[in-house]
Amino acid sequence: MTRRLIATLVIAMLASLTHAQICVNEFRISEPGTDTMNFVELAGGMAGGALDGHTLLSISTEFNPGEITFAIPLDGESFNADGFYVSDQTTSGVDYFGSPQAFVLVAGFTGMGGDDLDMDDDGVFDAAAPWSSVVAAVSLVDGDDNADVDYGFGVIVGPDGDFTPAHGFLTEDCGSTWEIGDFGDFSGDTPGATNVVPEPSAFALLLVGLVGIIRRRR
Ligand SMILES: [Ca+2]
Ligand SMILES: [Ca+2]
Ligand SMILES: [Ca+2]
Ligand SMILES: [Ca+2]
């Protein structure tokens, strides 16, 4: 291998590392009673990687679609040693609405919280979006009669019956399959740590076994 080729390969490797596949990995937006445990978890970052220049947005996709309901600047923040970053309610002070919204991690944000990117609510941003790039995004939907808007962020999670999922997580960190968690049970919440698919309970396994027996008898 020539030195030039080796240098090119090293540069390509470094580029792929600095642009590690960052994802929105888990979220909680509601719970019984007063919300205290809202969070959005990012994963796939470099250990200790800085989030300077990045902003976490919540963009409404149902009521006044296109409104940047929350804009959380991440300057000074960084991924932990395992590549996770959690924006939680305690530190951000943000209590997300329990309605359809998109979580969008952007770089180079030039807008403000409260900006409405879609004044005529036609599902298309009225002007160039106020950021330089989308790093990761996920859209939450519900199952009610109010149409949800899809701004094309790619990944859609929900509905949970008629509701917006209160808790959602990828079954593998930065994988491709979302699972909807429980509204009132936080035992499956893993902010800042690897996502875990809960083991089915003994009762659920018993039910599965019974269904199998009934099916075999038919
Ligand atoms: Ca709007
Ligand atoms: Ca529009
Ligand atoms: Ca809806
Ligand atoms: Ca997690």
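In the stretch 140-159, which residues are within 16 Å of ligand 1 (Cβ to nearest atom) and crowded, with 19+ Cβ neighbours inside 10 Å? Of everything in the stretch 140-159, those that are within 16 Å of ligand 1 (Cβ to nearest atom) and crowded, with 19+ Cβ neighbours inside 10 Å turn out to be Asp148, Val149, Tyr151.
Per the listing Asp116, Asp120, Asp126, the residue uniquely more than 29 Å from Thr177 (Cβ to Cβ) and either in contact with a Gly (Cβ under 6 Å, 6 or more places away or on another chain) or within 16 Å of ligand 4 (Cβ to nearest atom) (or both) is Asp116.
Consider the stretch 177-192 and keep the residues that are in a loop (DSSP other than H, G, I, E, B), farther than 28 Å from Asp52 by Cα and not aromatic (Phe, Trp, Tyr). The one that is nearest to ligand 1 (Cβ to nearest atom) is Gly181. Determine whether Ile59 is in contact with a Leu (Cβ under 9 Å, 6 or more places away or on another chain) and within 16 Å of ligand 3 (Cβ to nearest atom). Yes.
Only residues that are of a type outside the set (A, V, I, L, M, F, W, C), near ligand 2 (Cβ under 8 Å from one of its atoms) and surrounded by 15 or more Cβ atoms within 10 Å (Cβ to Cβ) were counted in the stretch 122-134, giving 1.
I'd like to check something: does the stretch 99-117 contain any residue that is closer than 28 Å to Thr36 by Cβ, within 16 Å of ligand 3 (Cβ to nearest atom) and in a loop (DSSP other than H, G, I, E, B)? Yes, the stretch 99-117 contains at least one residue that is closer than 28 Å to Thr36 by Cβ, within 16 Å of ligand 3 (Cβ to nearest atom) and in a loop (DSSP other than H, G, I, E, B).
Screening the candidates Phe39, Phe84, Phe79 for the property of being touching a Lys or Arg at 6+ places or on another chain (Cβ under 6 Å) and within 16 Å of ligand 4 (Cβ to nearest atom) yields one hit, Phe39.
For Val196, indicate whether it is more than 12 Å from the chain's Cα centre (by Cα) and at pLDDT 95 or above. Criteria met by Val196. Of everything in the stretch 177-193 that is touching a residue at least 60 places away in the same chain (Cβ under 8 Å) and either over 19 Å from Val157 (Cα atoms) or in contact with a Cys (Cβ under 7 Å, 6 or more places away or on another chain) (or both), the residue that is nearest to ligand 2 (Cβ to nearest atom) is Gly192. If you check Gly44, Gly48, Gly53, Gly66 for being farther than 30 Å from Val124 by Cα, in contact with a strand residue (DSSP E or B) (Cβ under 9 Å, 6 or more places away or on another chain) and modelled with pLDDT of 95 or more, only one passes: Gly48. Take the conditions of a type outside the set (A, V, I, L, M, F, W, C), surrounded by fewer than 16 Cβ atoms within 10 Å (Cβ to Cβ), away from ligand 2 (no atom under 16 Å from the Cβ) and without any contact (Cβ under 8 Å) to a residue 24 or more places away in the chain and apply them to Thr91. Does it pass? When the stated conditions are applied, Thr91 passes them. Among the residues of the stretch 126-176, count how many are assigned to a strand (DSSP E or B) and among the acidic types (Asp, Glu). The qualifying residues number 1. Filtered by the rule that a residue be under 21 Å from Gly192 (Cβ atoms), acidic (Asp, Glu) and buried (at least 19 other Cβ atoms within 10 Å of the Cβ), the stretch 160-181 gives a lone residue, Asp173.
Residue count for the stretch 118-147 satisfying the condition of being within 16 Å of ligand 3 (Cβ to nearest atom) and among the polar types (S, T, N, Q): 2.
The values are calculated or read from the model by the stated rules, or taken from the named source; none is laboratory data. Worth saying up front: this structure is predicted, and the values here are computed from it rather than measured. Reconstructed Cβ throughout: ideal geometry from the backbone, glycine too, with neighbour counts over all protein chains shown.
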